[in-house]
1. What are the residues in region 378-390 that are closer than 18 Å to Ile358 by Cβ and either touching a residue at least 60 places away in the same chain (Cβ under 8 Å) or among the acidic types (Asp, Glu) (or both), if any?
2. Within region 257-283, restricting attention to residues that are part of a loop (DSSP other than H, G, I, E, B), in contact with a helix residue (DSSP H, G or I) (Cβ under 9 Å, 6 or more places away or on another chain) and modelled with pLDDT under 95, which residue is nearest to Leu217 (Cα to Cα)?
3. In region 193-216, which residues are over 17 Å from Ala251 (Cα atoms) and in contact (Cβ under 8 Å) with a residue 24 or more places away in the chain?
4. For region 314-329: of the residues being within 12 Å of the chain's Cα centre (by Cα) and part of a loop (DSSP other than H, G, I, E, B), which is nearest to Glu274 (Cα to Cα)?
5. All but one of (1) at positive phi; (2) at pLDDT 90 or above; (3) surrounded by fewer than 21 Cβ atoms within 10 Å (Cβ to Cβ); (4) not aromatic (Phe, Trp, Tyr) hold for Gly188; which doesn't?
6. Return the only residue of Asp390, Asp326, Asp356 being in the same structural domain as Ile138 (by TED's automatic domain parsing), surrounded by fewer than 23 Cβ atoms within 10 Å (Cβ to Cβ) and under 27 Å from Pro475 (Cα atoms).
7. So which residues in region 98-111 are within 15 Å of Glu144 (Cβ to Cβ), touching a residue at least 40 places away in the same chain (Cβ under 8 Å) and either part of a loop (DSSP other than H, G, I, E, B) or among the hydrophobic types (A, V, I, L, M, F, W, C) (or both), if there are any at all?
8. So which residues in region 1-29 are of a type in the set (A, V, I, L, M, F, W, C) and outside any loop (DSSP other than H, G, I, E, B)?
Amino acid sequence: MAEFVKLKMNGLTKLHDVDPALVSYNVEMTEVTGGTFWKAYTPEQIAGTEPFPPISSMAAIGDLMQWYDPIDTTNLRLLKLAKELTPTWVRVSGTWATKTYYDFDNEGAPAGYQNVLKKEQWIHLLDFVKALGAKLLISVANCEGLHSAEEPWNPSQAEKIFGLSKEHGVPIDAVEFANEPNIMDITGFPPGYQPEHFRRDQDLFHKWVRENYPNTLIIGPCTVDSSAIQMGPGGKGGSGIGDVMKSCSTAELIEGCKEKLEVFSYHYYNGISERLASVMPSAHWQPEEATSEAYLSMAGKVARAFAPMRDKYVPGGQMWVTESGDAGGGGDTWASTYLDVLRTLNELGDFASVTDGIIFHNTLASSDYGFLKHGTFEPRPNYFAVLLWDRLMGQTVYASGEEIREGAHVFAHSRKDGKEGYCYLVINNSTTESTKVELPKEAVQYTLCGNGNLRSPVMYLNGKALTLGENDELPCLCGKEVAAGEVELAPCTCTFFVL
């Protein structure tokens, strides 16, 4: 059944103002140092014509990885495209960061560390952040090489990375103690590490930061917590990662801590990618479900599930998603195609209606869910989608007056240009029916689609392909003027209306 949406020119109820850096992203520590990350899918897998081979157990996860050299943060295309997404935060973390030794004096890493960060590598990253005018969020080393489970955490490593950053003129603006600390089997903590050890050490770290770097925001606990929300289509039948390895709850990592957080953070994915679907089948969504109400509702459900925790542990503070994207495990085969744009834009709209925080997309330029393709830094559909969001959607969030339903996911913000009026985002997630929109006055329309192919690696804006031009010139992200009255939106399109 086709849906009818009536947009208003005035009278919408203001919800709140959203953070101007809502669209932010991760540059994984493994990208800075060089290291293993998810293998790229084949063109046939991306097109949906070749199934992804199953693995027998989580022990085989290494077969899904490959080595990547450090990312070239001096690349002119990368810098140009990243600058378009400012203002932003850059987060350097990931499981890799917990086990990284800061070898700034070339003395070599002692036993107990898995990875090494060189001084010049970190300076390149700092220069990248400086060139963007971005803010920097990191997590720090906390592994067997630093201390045992029974020994308290010490700042010998943290002092190095904080000191070098300050000396180079790019201070660390915010910290999370560790990446996904509730999944203790894979996080990289010392053997025998338990929640009580984490609480002890997190307090020590946060106290050290406050005493030495008082302008640095304390963020946490950075969990992916299946006790807060059941992800994936399996619902209560399966929560994903917690089904196959040891994990604890968010509360176990915070309750009783003396040093309070300033921002509440969590990680969120709709589910698990094809890479891990064979060992976590209840947490994987099929491609034909990627436009469904159940799938698209996940971002809002997770935000609403974590909001009471934020209110309890960080009353009055922001709530940040410090890792998000298409799916855990490096993204689904369609993560780099237009099909994932519906989820991305819906996540921004739904999350912004719940809270005023930030979403860190994983990643800027690595794996299949990166905004940019690894190595070549070619922009993917999601890059242009969030760039258009950044250019059109203002900070003030309004209740759209339209109930979310199939064919009519409607979100309303102020205009980014500061002029009176609204910018609406209307997502028609129906695969079969058009949506009719009534405009109260003339407007500028920006309709995104896959040009008849949901798994298209190229996205189209008002019928024109969005690809880089000569000398990496951005395509014109131009709207078209439409008169007051009815506009028909085709199935599986995302449309901004500025009026």
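The values are calculated or read from the model by the stated rules, or taken from the named source; none is laboratory data. On a predicted model such as this, the values are computed, not experimentally measured, just so you know. For neighbour counting, all protein chains shown are included, and Cβ atoms are generated from backbone atoms with ideal geometry for every residue, glycine included.
1. Across region 378-390, the qualifying residues are Tyr383, Ala385, Val386, Leu387, Trp389, Asp390.
2. The extreme case among them is Asn270.
3. Leu204, Phe205, His206, Lys207, Trp208, Val209, Arg210, Asn212, Tyr213, Asn215, Thr216
4. Per the stated criteria, the residue is Ala327.
5. Single failed check for Gly188: (3).
6. Asp390
7. Lys99
8. Phe4, Val5, Leu15, Val23, Met29 - these are the residues of region 1-29 that are of a type in the set (A, V, I, L, M, F, W, C) and outside any loop (DSSP other than H, G, I, E, B).
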